[in-house]
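So the structure is just underneath, and the comments pick up after that.
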Amino acid sequence: MVHWTEKEKAEIAKWKTCNQKLLVEKSLNRMFKIFPWTHRYFKARKDFKVEEHALRVSGKISEAVINLDKIKENFAELSKFHAEVLHVDSGSFPLLTFCIVSELAILNRGHFSPQLHGVWYKFFAVLVSAISKQYH
């Protein structure tokens, strides 16, 4: 189990105060531009809309923020779904979280210290580990 300090919990709780959907939407668009191969899976889906996917992703991140101590358990089914049904490249997860942290830094320009970066990196590392768990 991951140990979270009170300062880390307080920082991660700030996720609830930002426009999560917009932040994830910008992050997805950034990922698709910087890492164009990540868009390959979504191009095949005619009904794919970045805005809708951003809403789903931001909702799952919010669930993780609320239940920091149960991320792995709460993401088990989602991990299995991504691995066995959707066949999403698990290498895309850390790329997306990199883009989310970048957007957080832009949003908090001037206040995003290396320590805060470390908190978010830790949080998203736990999240990526949880969502990648069912990949073989």
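Read the figures in this text as sums done on the coordinates, not as results from a lab. Since we're looking at a predicted model, the values are computed, not measured. All Cβ positions, glycine included, derive from the backbone under ideal geometry; neighbour counts span all protein chains shown.
Structure above, values below:
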{"quantity": "The chain - Rg and Dmax from Cα coordinates, angstrom", "calculated": "14.5, 44"}
{"quantity": "Compactness index (Cα Rg / 2.2 N^0.38 Å), segment 3-69", "calculated": "1.31"}
{"quantity": "Mean ellipticity per residue at 222 nm, deg cm²/dmol - from DSSP H runs of n ≥ 4 across the chain, formula -39500 (n - 2.57)", "calculated": "-19500 deg cm²/dmol"}
{"quantity": "Percent of C-alpha pairs per 5 Å bin, segment 67-107, short to long", "calculated": "6, 20, 15, 23, 22, 10, 4, 0"}
{"quantity": "Mean Cα-pair separation over length for segment 5-136, i.e. relative contact order, pairs under 8 Å, 6 or more apart, %", "calculated": "36"}
{"quantity": "Convex hull volume of segment 77-136 per residue (C-alpha atoms, cubic angstrom)", "calculated": "74"}
{"quantity": "Segment 1-26 and segment 34-110: distance between their alpha carbon centers, rounded to Å", "calculated": "14"}
{"quantity": "Kirkwood estimate for segment 1-41, i.e. one over the average of 1/r between Cα atoms, Å", "calculated": "12.4"}
{"quantity": "Most mobile listed residue (Leu55, Leu86, Leu78) in the chain, GNM with C-alpha springs under 10 Å", "calculated": "Leu86"}
{"quantity": "Candidate aspartates and glutamates - alpha carbon under 15 Å from Lys49, same-chain residues fewer than 8 apart omitted", "calculated": "Glu25"}
{"quantity": "Exceeding the 27 Å Cα-Cα cut-off - candidates Lys33/Lys70; Lys7/Lys72; Lys16/Lys122", "calculated": "Lys33/Lys70"}
{"quantity": "Pairwise FRET efficiency - Ala76 versus Lys9, Cβ, R0 = 25 Å, nearest 0.05", "calculated": "0.65"}
{"quantity": "Candidates Val65, Val24, Val85, ranked by Gaussian network fluctuation over the chain, Cα under 10 Å, top entry", "calculated": "Val85"}
